[in-house]
1. How big is the equivalent ellipsoid of the range B:1-84 along its three axes, where each semi-axis is √(5λ) from the Cα gyration tensor, reported in whole Å from largest to smallest?
2. Sorted by average packing, counted as other Cβ atoms within 10 angstrom per residue and highest first, what order do B:156-163, A:82-89, B:306-313, B:181-188 take?
3. Per-residue Cβ counts within 10 Å, from other chains only, averaged over B:243-252: what number is that?
4. Do the sum for chain B: with -39,500 (n - 2.57) for every DSSP H run of n ≥ 4, divided by all residues, what is the mean residue ellipticity at 222 nm, to the nearest 500 deg cm²/dmol?
5. Hey, got the average number of other protein chain Cβ atoms within 10 angstrom for residues in B:39-45?
6. So what is the relative contact order for chain B, in percent, with contacts set as C-alpha pairs under 8 Å and at least six apart?
7. Assuming 0.36 nm per residue, please report the length gained on full extension of the stretch B:Ile284 to B:Arg66 beyond their Cα-Cα distance.
8. Could you tell me whether chain B comes out rounded, prolate or oblate from its Cα gyration tensor? Rule is a ≥ b ≥ c as square roots of the eigenvalues, rounded for a/c under 1.5, then prolate if a/b exceeds b/c, otherwise oblate.
Amino acid sequence: MGPSSMIVLILAALTFSTFAVLIAKVVTKFTTNAQKGQPYECGIPTQGKTWTQLNVGYYLFALIFLIFDVELVFLFPWAVAAKKVGLMALVEIIIFFFILFMGFLYAHKKGALKWM
Amino acid sequence: MLSFSNISKSIDTWLNATFNSTWTMLFEMVIAGVGVISLFAILGLVLVLMERRVAAWIQIRLGPNRVGPGGMLQSLADTVKLLVKEGMTPDGADKFLFNLAPFIAIIVAMLLMAPIAFAKNFQLWDMNIGVLYVTAISSIMVISILMAGWASNNKYSLMGAMRSGAQIVSYELSAGLSILAIVVLSGSLNLNDIIQSQADGWWIFKGHIPVIIAFIIFIIAVTAETNRAPFDLAEAESELTAGFHTEYSGMKFALFFLAEYINVFIVCAIGATLFLGGWMPFHIGNWESFNHIMDYIPSSMWFFSKTFFLIFLIMWFRWTFPRLRIDQLLNLEWKYLLPISMFNLLLVTAMAILGWHF
């Protein structure tokens, strides 16, 4: 069907989910009380802020991921051409991976991959 | 012979003969939309039931068996139950993002349907960058999860979303690298070309040990990417109650649930297409009569049986392996799977260039 299928799929998803939510809204009976909107924390009131600080590890992993994800995008055109280019493609990718792996080892040495 | 491609072709010719081209296109869009929505709903119902039955079978109990013949209508009854549940928004929540997140999850799951070849000559969009499209779109999923977790105003949700974000982005790398192994071997990003390149044997048989390693890494990575046990840290029931969808209820929760199961189906379909030949029948070299018998089985049957085999495999994992801790999970990816899959890609490349595969 070509690129128009993307529009069809987005519209289909929107109709499907909107209808589901709307029907649920019509069918259900809403009640309110003071405790109902409280954040769930196993029955006791929430202590302190709910948007708390989190481990810095998440940030470090996301940073390393960024480098490797860009590497992955570079690899896609290479992968398509690899068979046609022949042995040269293999040599190039070995050099590419070598440089990348040095960076990876550096990050490992610095302790970025350790969970604190 | 009655097949999906024949049906779609006859509908197309009939519409072209009856209406002009604009109306034909519109009608085809409507038919495609309705078809996709019904596939969506049916897959959701079937997969939820299958999950419960497989779980019951593995744990030697009966599972759902009250509603309908043999419990077949259980998931339909669950849908009705979720429909009449009150879908509430917590007080402190970011209302806009909170309500937007399930819609994004559904849109992503729906968009992933586009390049998948369900049967011979039967797919929505025969695009030349199918593999890249799937990897790109599937990584939007993490945005909806982070959005849901952040907007919920709940510590459990925030923790679950953060874990899930770290986990999904990490495992995306080794999933991508193992997909690239097949792209190198077949020399194309088009899912149809990849299927055609497996006409004389699926890659998992043709590709020796490196492709088998890539397949195993792919299965592990997609299990993690779809937040399924043993990598279900995002919604670890015993520590985070329900992770990022703790505060969701009613139909919005159902949408998340549906999107999750559709994602499982899609990654298994991609796995089946790349490694197990998609709709390609099972052929053995020169066994003419055997190959002929295999050709009689419809192509859609082949596709769905392979996909459901992989889904069964992933459901099997859930009841076999204990859940990992977050540091173990990230160690597994960054210290084992990523270096292995990088080295494995080099092996596959050498194999493809020197022509060592069959």
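Every number here is computed from the coordinates shown, using simple stated rules; none is lab data. Since the structure is predicted, the reported quantities are computational estimates derived from the model, not experimental observations. Methodologically, a virtual Cβ is constructed for each residue, glycine included, from the backbone with ideal geometry; neighbour enumeration extends over all protein chains shown.
1. Values: eigenvalues 303, 47, 17 Å².
Square roots of five times the eigenvalues give 39, 15, 9 Å.
2. On the way: B:156-163: 26.6, A:82-89: 14.6, B:306-313: 18.8, B:181-188: 24.0.
The most tightly packed comes first, giving B:156-163, B:181-188, B:306-313, A:82-89.
3. Working: counts 0, 0, 0, 3, 3, 0, 0, 6, 10, 4.
What the average comes to for B:243-252 is 3.
4. Values: 16 runs with 242 residues, N = 358.
Here the helix-only value at 222 nm equals -22000 deg cm²/dmol.
5. On the way: counts 0, 3, 2, 0, 0, 0, 0.
Mean inter-chain Cβ contacts per residue within 10 Å come to 1.
6. Working: 489 pairs, mean separation 77.0, N = 358.
RCO, chain B: 22 percent.
7. Numbers: separation 218, 0.36 × 218 = 78.48 nm, distance 4.41 nm.
The span from B:Ile284 to B:Arg66 would gain 74.1 nm if fully extended.
8. Working: a/c = 1.62, a/b = 1.20, b/c = 1.35.
Verdict is oblate for chain B.
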